[in-house]
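Okay, so here's the structure we're looking at.
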Amino acid sequence: MTVFAGAGLACLRGERAVFAGLGFGVAAGGVLLLRGANGSGKSSLLRCMAGLLSPVAGLLTWDDMPVGADAEAHRSRLRYLGHQDAVKSALTVAEDLTFWQRLHGARDPVAIGTALNRFGIAHLADLPARLLSAGQRRRVALARLLAAPAPLWLLDEPTNALDDDGVERFAAVVGEHRAGGGVVVLAAHGDPGVAGSILSLADYAPHSEVAP
Amino acid sequence: MSGFLALVRRDLQLAVRQGGDAALVLVFYLLAVLLFPFGVGPEPNILARISTGVLWVTALLAALLSLERLFVAEYEDGSLDQLALLPMPLAVVVLAKTAAHWLLTGLPLTLIAPAFAVILGMDAAGYPALVLALVLGTPTLSLIGGLGAALTLGARRAGALLALLVLPLYIPVLIFGVAAVDAATAGLAPGPHLAILGALLLAAIPLCPWATAAALRQALE
């Protein structure tokens, strides 16, 4: 059964239409892979799904209820990870995770320990983030997904900067999230190590640029 | 509520570890105040007469100095996306960040102002009114400034734009802040002026974060 769905979505960036008439549906435990060339609107679609960007047309639904009807409930059910890691250099890894967990209304040191272990960064817990490499920062950002659990994950190229071990760990975590009935929407260029139904943004490109 | 406190605590923690802004504001305040005796001349009567205005105008500029950075770091490292996606309203996030900004700039300015009043030879009868007026006025400066910071987020030359946008809105606070101290030094009751400063603050607490949150959402689109 479809949990998270969209129909007739259209998005404008500046004056330019990025995509139009886009529809999708993901069942509980499903993964939706967004595919498309640079600038085809993968990130814009994810930001629309998160509610950071309002689509000019179309409807997003969760359990057949429009997500706009209760924006606060939608925000509490989703975790979004964009291109930037949102990791503050001056805070330690453990402080960072505790902070975001607290803001999501949870208080669970055990979950933080587990999250660090799952991404193999437990030994970095007390280091300030400015000493971390790009891949390690990415792991911290991903660990947030586990520190404060939520059913819907919106991930924009989550495996960027990750090494093979990181991608493997990420795939395992996503597998568990699916097993628990979670939904993942994921934009990726290369192989994110996760299988799922594919949504090709090229199919929804506006028709203004017709090939000769 | 716990989210609000966690945010304030993080902002204070970041400020302490990264140093800079808060200390910079105080040093700027000191230097700006010290310029006046050099510029106006060491005439005690003149200095005492203009001391209230000098203290308020420089406090206002010092607050402005640190405002530009209020949301920029969060915007640049992607934290603002995450803050906008929290279950709590973005206006509460804004209020927490503004509170932290006030604790780091407005509060130290308020505490140090009487010392500067001594330097300028202000009538001692004005000290309590000066501190009270600053306690009530500087949070309003932070709240209005936060709105300016959100509106200029991502703009080129945001600093200059911010000053143009925000300084006119600071005028009511300046007028009643100075009037309260002048009333006290003239032997009149500063109460009515302080009451108006309090009213301005009470109006700004719900209105500014709400408008700031709207401006931030616009910046994220």
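None of B:Gly191, B:Gly126 is away from chain A (no Cβ under 14 Å) and either closer than 17 Å to B:Trp102 by Cα or surrounded by fewer than 18 Cβ atoms within 10 Å (Cβ to Cβ) (or both) except B:Gly191. Is it the case that some residue within region B:108-123 is aliphatic (A, V, I, L, M), surrounded by 21 or more Cβ atoms within 10 Å (Cβ to Cβ) and farther than 23 Å from B:Tyr29 by Cβ? For region B:108-123, residues aliphatic (A, V, I, L, M), surrounded by 21 or more Cβ atoms within 10 Å (Cβ to Cβ) and farther than 23 Å from B:Tyr29 by Cβ: absent.
The residue of region B:75-94 that is farthest from the other protein chains (Cβ to nearest Cβ), among those that are out of contact with any Gly (no Cβ under 9 Å at 6 or more places or on another chain) and either free of Cβ contacts under 8 Å to residues at least 12 places away in the same chain or not in a loop (DSSP other than H, G, I, E, B) (or both), is B:Ala91.
For B:Leu30, the test of being crowded, with 21+ Cβ neighbours inside 10 Å and farther than 17 Å from B:Ser142 by Cα is failed. Step by step: first the residues of region A:95-107, then only those that are free of Cβ contacts under 8 Å to residues at least 12 places away in the same chain and not hydrophobic (A, V, I, L, M, F, W, C), then the one that is nearest to the other protein chains (Cβ to nearest Cβ). Which residue is that? Of everything passing the filter in region A:95-107, A:Arg102 is nearest to the other protein chains (Cβ to nearest Cβ).
Contact map, region A:28-40: residues that are without any contact (Cβ under 8 Å) to a residue 40 or more places away in the chain and at positive phi paired with residues that are surrounded by 18 or more Cβ atoms within 10 Å (Cβ to Cβ) and in a loop (DSSP other than H, G, I, E, B), Cβ distance under 8 Å, separation 6+ or inter-chain. No pairs are found. Any residue in region A:21-36 that is in contact with a His (Cβ under 7 Å, 6 or more places away or on another chain) and under 23 Å from A:Leu146 (Cβ atoms)? Within region A:21-36, none of the residues are in contact with a His (Cβ under 7 Å, 6 or more places away or on another chain) and under 23 Å from A:Leu146 (Cβ atoms). If you check A:Asp85, A:Asp63 for being of a type outside the set (Gly, Ala, Ser) and crowded, with 20+ Cβ neighbours inside 10 Å, only one passes: A:Asp85.
Candidates in region A:89-108 are the residues that are in a loop (DSSP other than H, G, I, E, B) and hydrophobic (A, V, I, L, M, F, W, C); of these, the one that is farthest from the chain's Cα centre (by Cα) is A:Ala90. Annotation note: of A:Ala147, A:Ala134, A:Ala202, the sole residue that is surrounded by fewer than 20 Cβ atoms within 10 Å (Cβ to Cβ) and either more than 14 Å from chain B (Cβ to nearest Cβ) or within 19 Å of A:Ala50 (Cβ to Cβ) (or both) is A:Ala202. Filtering region A:49-63 to residues that are over 23 Å from A:Leu146 (Cβ atoms) and touching a residue at least 40 places away in the same chain (Cβ under 8 Å) leaves A:Leu53, A:Pro55, A:Val56, A:Ala57, A:Gly58, A:Leu59, A:Leu60, A:Thr61, A:Asp63. The test for being assigned to a helix (DSSP H, G or I) and either crowded, with 23+ Cβ neighbours inside 10 Å or among the basic types (Lys, Arg) (or both) holds for B:Thr52.
Checked against the criterion of being within 14 Å of chain A (Cβ to nearest Cβ) and either assigned to a loop (DSSP other than H, G, I, E, B) or farther than 20 Å from B:Leu162 by Cβ (or both), region B:21-40 contains not a single residue that satisfies it. Among the residues of region A:49-94, the ones that are closer than 15 Å to A:Leu142 by Cα, within 12 Å of another protein chain (Cβ to nearest Cβ) and in contact with an Asp or Glu (Cβ under 9 Å, 6 or more places away or on another chain) come to 9 in all.
Checking A:Arg16, A:Arg79 one by one, the residue that is closer than 30 Å to B:Gly3 by Cα and not hydroxyl-bearing (Ser, Thr, Tyr) is A:Arg79 and no other. Total residues in region A:15-70 satisfying the condition of being over 18 Å from A:His189 (Cβ atoms) and assigned to a helix (DSSP H, G or I): the figure is 7. Only one of the numbered conditions (1) closer than 25 Å to B:Val92 by Cα; (2) among the small types (Gly, Ala, Ser); (3) in contact with a helix residue (DSSP H, G or I) (Cβ under 9 Å, 6 or more places away or on another chain) is violated by A:Ala71, and that is (3).
Any read-out appearing in this document is the output of simple, stated calculations on the displayed coordinates, not a laboratory observation. Note that this is a predicted model, so its numbers are computed, not measured. Because the Cβ atoms are built from the backbone with ideal geometry, glycine has one as well, and the counts that use them run over all protein chains shown.
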